[in-house]
Amino acid sequence: MDEINHGMKVFKMLKQTMDIIRQKVQDEFKEMNLTATQAILIGTLANNENRKISDLSDSMGLSNSTVSGIVDRLEKQGFVERVRSKEDRRVVYVNLSSDIKKKWQNHFNAIEKIFDESMKEGTQEEIDKVMEGLETLTQLIHRRKK
């Protein structure tokens, strides 16, 4: 029974943390009319262009169909574009549109600043605890997968 309680407590804490992060991201991108998930996808592309839907799905932890739908909506808004590979016409990459690259950098810098300032509020010991805890959680989950 204790294992279930610990597992659910960790799950709830992670959900609360992700809800806070999602809200901060959404607030920053409100003027661009983006959801947090759309902003995360754009952020993923900003760091690594020429991504296939399957690559984006893997990095975001979402299904191909979900990511494809997000890309469809972003493409209609002019944020991203699909580009066929010159080597293999069956392969389609997703890239940021040139207009969005400049806007994105300003917003991304603002979000990065929010989280950097939050981390500066903590002592080195607190930051080390957070990092150690997250690493331990990741190891426990990977261990369970096997």
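The values are calculated or read from the model by the stated rules, or taken from the named source; none is laboratory data. A quick note: this is a predicted structure, and the numbers were derived from the prediction, not measured. Heads up, the Cβs are rebuilt from the backbone with ideal geometry, glycines too, and the neighbour counts pull from every protein chain shown.
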- Item | Cross-chain or 6+ apart pairs with Cβ under 7 Å, the range 123-139 first and touching a residue at least 24 places away in the same chain (Cβ under 8 Å), then surrounded by 11 or more Cβ atoms within 10 Å (Cβ to Cβ) | Leu137/Val10
- Which numbered condition Gln38 misses (of (1) within 18 Å of the chain's Cα centre (by Cα); (2) modelled with pLDDT under 85): (2)
- Hey, can you tell me all the residues within the range 41-66 that are farther than 18 Å from Arg90 by Cα and crowded, with 20+ Cβ neighbours inside 10 Å? Leu41, Ile42, Leu45
- Task: Of the conditions (1) touching a residue at least 24 places away in the same chain (Cβ under 8 Å); (2) within 14 Å of the chain's Cα centre (by Cα), Val10 clears all except one; give me its number.
- Result: (2)
